[in-house]
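> Before we start, here is the structure in question, set down as structure tokens.
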Amino acid sequence: MNQQSRSTPPLFTQVDIATGEVAAPHSAGGLGNADTSRLLRELLAAQDRQNELLEELINQVTSGQRQRNAELNQWKQANPQLARSCRQAADSLGRVHAEFLESMTRDIQFNGEDMLDNDFVLNEFMDKYGTRMAQLHGVLQLLTQLGSTPQTSNSSTS
């Protein structure tokens, strides 16, 4: 390990402030100014390419989202009464969801220690709340999305 540290060039070199020149590295494998500039240009080019790829990725993701929003808005405009009904159902189901969460958290507070020690109690809890909560959440999310107010076309053109 000692030989390896001697054979690798130092990461930093000394700068002579009085003359404005970089002192020669301690080993023969050091980088000169031209090599450092070339590496920095390559790093900058790689970062520019990475930024371009990220922009393309963002455009792909947002174009799909814009398409889904446009289709959802078309559905809401074609079915305004159903969209209003979905909004009302989402409000009612939201209250049911909140009460169900309250009941679940009370059960966790009461049986939390037992769930840690006893798999049977945990399985009973999951049987009682798990599937129902997942399904309730899914239905509530769907109704909320279908019942939300349509977005204007200005937000999808940005």
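Please treat every number below as a calculation from the coordinates, not as lab data. Computed from a prediction, not measured in an experiment: that's the story for all the values here. Please note: Cβ atoms are built from the backbone with ideal geometry, for glycine as well, and neighbour counts cover all protein chains shown.
> Condition test on L93, is it assigned to a helix (DSSP H, G or I) and within 31 Å of the chain's Cα centre (by Cα)?
Against the criterion (assigned to a helix (DSSP H, G or I) and within 31 Å of the chain's Cα centre (by Cα)), L93 qualifies.
> Within segment 88-95, does at least one residue satisfy the condition of being surrounded by 12 or more Cβ atoms within 10 Å (Cβ to Cβ), in contact with a Gly (Cβ under 6 Å, 6 or more places away or on another chain) and either of a type in the set (G, A, S) or touching a residue at least 40 places away in the same chain (Cβ under 8 Å) (or both)?
yes
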